[in-house]
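Read-outs throughout are calculated quantities, based only on the coordinates presented, and are distinct from any laboratory measurement. Not measured: the values here are computed from a predicted model. Neighbour counts are summed over all protein chains in view; Cβ atoms, including those assigned to glycine, are modelled from backbone coordinates with ideal geometry.
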Amino acid sequence: MKLLLFSDLHVNPETARRIVERARLVDVMVGAGDFASVRRGLRTCIDVLRASDKPAVLVAGNNESTEELAAACQGWPQAHVLHGSGVSIAGHEFFGLGGGVPVTPFGAWSYDFTEDQAATLLQPAPAGCVLVSHSPPQGTVDRDGSGRSLGSVAVREAITRLGPRLVVCGHIHASAGQHAMVGRTPVVNAGPYGVTWELAEEPT
């Protein structure tokens, strides 16, 4: 299965159009959040992305809520909005966690969760899934422009516990397009320009 991983489109319709164009060559689109900007303009990118006929696995970022994202995706049958929940596509299990983890300094508009809340939401995730989390794991593809590690302890602990086949994240723009390993699990901070990823047909 070939995936197109992306995140942090932030109300940029041209970037969304490029994602749709590239999606013609993959099986599933995986969007790791932040389609809007400060809770505004969510439909700008979603209305472009829905032009693709490929299945789309989506989580909210901290710039939109899960409820807002689900509402924007109404009438898009290929879209699967996940948050503490999962979906199976062609025999491959995907599980999602939206929002900023840990809580960001941005204030009330930001859709955030504490580490404890995130750990609870991640508890039902199946071992060996594709984990889609807006926030990266602590210490991996999570460095901001000044070098600070801003990722989530709960996400990292879930990776250690579950051994996902792949982790897709975003949120930290300075690490966009980077990938690294946590144990045997590849972690990709997808970024707005997208990363194509080949997922083995047989789970390992």
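Worth a mention:
- Estimated from the Cβ-Cβ distance and a Förster radius of 35 angstrom, the FRET efficiency linking Arg39 and Arg161 is about 0.65.
- Applying D = kT/(6 pi eta Rh) to the chain, where Rh is the Kirkwood radius over alpha-carbon pairs, T corresponds to 25 °C and eta to 0.890 mPa s, the Stokes-Einstein value obtained is 152 µm²/s.
- Pair Thr120, Glu67: separation of 7 Å Cα→Cβ label points (nm): 1.7 nm
- Residues of the chain were split at every exposed loop site, defined as trypsin sites (Lys or Arg not before Pro) in a DSSP loop with at most 15 other C-beta atoms within 10 angstrom, and the longest piece left, sites excluded, is 40-147.
- Extending 7 Å from the Cα toward the beta-carbon at both Arg184 and Asp47 defines two label points whose distance is 4.7 nm.
- With each label modelled as a point 7 angstrom along the Cα→C-beta vector, the Ser149-Ser88 pair spans 3.6 nm.
- Look at the dipole of the chain built from charges on Cβ: of Ala125, Ser65, Ser37, the Cα furthest out on the positive end belongs to Ser37.
- FRET efficiency estimate (nearest 0.05) - Cβ-Cβ, Lys54 to Glu14, R0 22 angstrom: 0.70
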